Amino acid sequence: MDQYTIPKEISSEMKFSKKFYLFDIVILISSLSIGWLFSSMVYTKIIFFYYIFIFFGTVFLLMRNKFNPKKRNFQTVYFALKRDRTVYTRI
């Protein structure tokens, strides 16, 4: 009867280190390359700050939310913008 093991977790992310996952690396590289594509529209003297802003903005959005550790900040922002404002919910 006990010949099959039932996995406790069927969807796991690939980790590179304690806090970095494959998803994070791919999204960070994608956002930096999209930023590079749009860098021609940025004034040349502030291009360095533009790349720093993109990097730290993306890192912030990819971090786990401290109030809801299973969600990332970009998911929290998405849910906050998508919520139905005609329905009252208690905090």
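The values are calculated or read from the model by the stated rules, or taken from the named source; none is laboratory data. Fair warning: this is a prediction, and the values are worked out from it, not measured in the lab. With ideal geometry, Cβ positions are generated from the backbone for all residues, glycine too; neighbour counts draw on all protein chains shown.
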Picked from the stretch 62-91 (must be touching a strand residue (DSSP E or B) at 6+ places or on another chain (Cβ under 9 Å) and of a type outside the set (D, E, K, R)), the residue nearest to residue 28 (Cα to Cα) is 62
Of 64, 72, 83, 90, which residue is modelled with pLDDT of 90 or more and basic (Lys, Arg)? 72
Qualifying position, being among the β-branched types (Val, Ile, Thr), surrounded by 10 or more Cβ atoms within 10 Å (Cβ to Cβ) and touching a Ser or Thr at 6+ places or on another chain (Cβ under 8 Å), among 58, 76: 58
Residues of the stretch 42-87 being in a loop (DSSP other than H, G, I, E, B) and of a type in the set (A, V, I, L, M, F, W, C), in sequence order, are 42, 63, 67, 87
Looking at the structure I just gave you, is residue 45 basic (Lys, Arg) and closer than 16 Å to residue 73 by Cβ? no
Can you tell which of 30, 39 is small (Gly, Ala, Ser), under 22 Å from residue 11 (Cβ atoms) and not in a loop (DSSP other than H, G, I, E, B)? 30
Selection from the stretch 61-73 of residues that are over 20 Å from residue 33 (Cα atoms) and either among the polar types (S, T, N, Q) or surrounded by 13 or more Cβ atoms within 10 Å (Cβ to Cβ) (or both): 64, 65, 68, 71, 72, 73
Of those in the stretch 1-38 that are of a type in the set (Gly, Ala, Ser) and more than 15 Å from residue 70 (Cα to Cα), the residue surrounded by the fewest Cβ atoms within 10 Å (Cβ to Cβ) is 17
